[in-house]
1. Would you mind listing the helices (runs of 4 or more DSSP H) fully within segment 1-92 where at least 3 residues are under 18 Å from the mean Cα position of the chain (by Cα), outside the structural domain of Ile114 (by TED's automatic domain parsing) and more than 20 Å from Glu105 (Cα to Cα)?
2. Across segment 142-177, what is the total count of residues that are surrounded by fewer than 21 Cβ atoms within 10 Å (Cβ to Cβ) and part of a loop (DSSP other than H, G, I, E, B)?
3. Let me spell it out: the conditions are (1) farther than 21 Å from Ala211 by Cβ; (2) touching an Asp or Glu at 6+ places or on another chain (Cβ under 6 Å); (3) not hydroxyl-bearing (Ser, Thr, Tyr), and Ala10 meets all of them except one. Which number is the exception?
4. Can you tell me which residues in segment 102-126 are at pLDDT 95 or above and over 19 Å from the mean Cα position of the chain (by Cα)?
5. Which pairs have Cβ atoms under 9 Å, sit 6 or more apart or on different chains, and link a residue in segment 249-266 that is among the acidic types (Asp, Glu) to one that is part of a strand (DSSP E or B)?
6. Testing Glu184 on (1) of a type outside the set (Gly, Ala, Ser); (2) part of a loop (DSSP other than H, G, I, E, B); (3) out of contact with any Lys or Arg (no Cβ under 8 Å at 6 or more places or on another chain); (4) farther than 30 Å from Ile112 by Cβ, one condition comes back false. Which one is that?
7. Across segment 114-141, which residue is nearest to Leu52 (Cα to Cα) among those that are crowded, with 24+ Cβ neighbours inside 10 Å and free of Cβ contacts under 8 Å to residues at least 60 places away in the same chain?
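The values are calculated or read from the model by the stated rules, or taken from the named source; none is laboratory data. What you are looking at is a predicted structure, and each value in this text was computed from that prediction instead of being measured. In this analysis, Cβ positions are derived from the backbone assuming ideal geometry, glycine residues included, and neighbour counts consider all displayed protein chains.
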Amino acid sequence: MMRLLVTGGAGMLGRRVTRQWREAGGEVAVLDNLSSGLPMPEEATLAVCGDLCNSETLTALLDAFRPDAIIHLAAVHHIPTCETQRAHCLDVNVVGTERLLAAAEQADIRRIVIASSGAVYAWQDAPLAELTSPLAPCDNYALSKYSNEQQLKFWASRGQRVGRAARIFNAIGHDDPNGHLIPEVLAQLRNASDGRVRLGNLTPRRDYLHADDIARGLIAMLLDPRHDVPFDTLNLCSGVEHSVEQLVRQLGQILGMPVTVEVDPARKRRVDRPSQLGDPGRTLELLGWQPRLRFDEALRRVVFPDNAQ
């Protein structure tokens, strides 16, 4: 198997890619600055605590490990941070990615998968498809991911290389280090004796996907047999969406407690995308990948990770 470098390999997605790659018999190095608060994955062949934006660190790691391929997941993911620290977000997500691609070019690495986002698509109330849906990133994080796609496309065009951008929809997992919806709801439910949950917008719908399935998808993209296609983008999504209120009530059922959902005006976003539903059909057709976990199974694995099979 290819020797693999995973940037952001200590994160929620990266540690799963690392584990799955090692379980398949491959060697894998991890680069992470540990800013997520999660430890280095024990399965890593080599673990380096370092900064993506440090060219010397990147060059030294590539020289020492000599990977054949890279899955690039390191980024600033927390949306409020991306908005309040815009320059920092772009320094890490865009400039850091450019440093990685330059180092990979120097090391003659010919296959890279990067994590993009379903947020690069324009808002529309219909399934979002790679070849037909318009792109219109509307926040700083989405802008950085759109930039990453173009950077990878340019990199792949300069030689016999393969670049794949994974448009990942809403990732969930029990070890999500970011302040996303599910950790907030679980915290409220576990601290409320009456099952009362106070949230902002209840109607927005999202396409949720467990991190285990996303890791499988990233590896499937890395192993894409289409060597004659230098660059492509593929959705990693379920093709099913659920509203915030539906998600909360499903979590209540899993915990076995009644739930009362209240709208807190102070938590409401002035602008909130009403729908973000992905079309997974092309990824299934080209790579044979589809999620294994249904929505309720994925949520149960988030709530009770120790019971996951």
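1. Details: elements: 12-23, 55-65, 79-84, 86-90.
Ranges flagged: none.
2. 8
3. (1)
4. Ala102, Ala103, Ala104, Glu105, Gln106, Ala107, Asp108, Ile109, Arg110
5. Once the first residue is among the acidic types (Asp, Glu) and sits in segment 249-266, its partners that are part of a strand (DSSP E or B) give Glu262/Arg196; Glu262/Val197; Glu262/Arg198; Glu262/Leu199; Asp264/Arg198; Asp264/Leu199.
6. All conditions pass for Glu184, except number (2).
7. Of everything passing the filter in segment 114-141, Ile114 is nearest to Leu52 (Cα to Cα).
For (1) touching a Phe, Trp or Tyr at 6+ places or on another chain (Cβ under 7 Å); (2) farther than 22 Å from Pro134 by Cα; (3) outside the structural domain of Asp68 (by TED's automatic domain parsing), each residue gets a yes or a no:
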residue	(1), (2), (3)
Ile214	no, yes, no
Gly217	yes, yes, no
Ala220	yes, yes, no
Asp224	no, yes, no
Pro230	no, no, no
Thr233	no, no, no
Leu247	no, yes, yes
Gly252	no, yes, yes
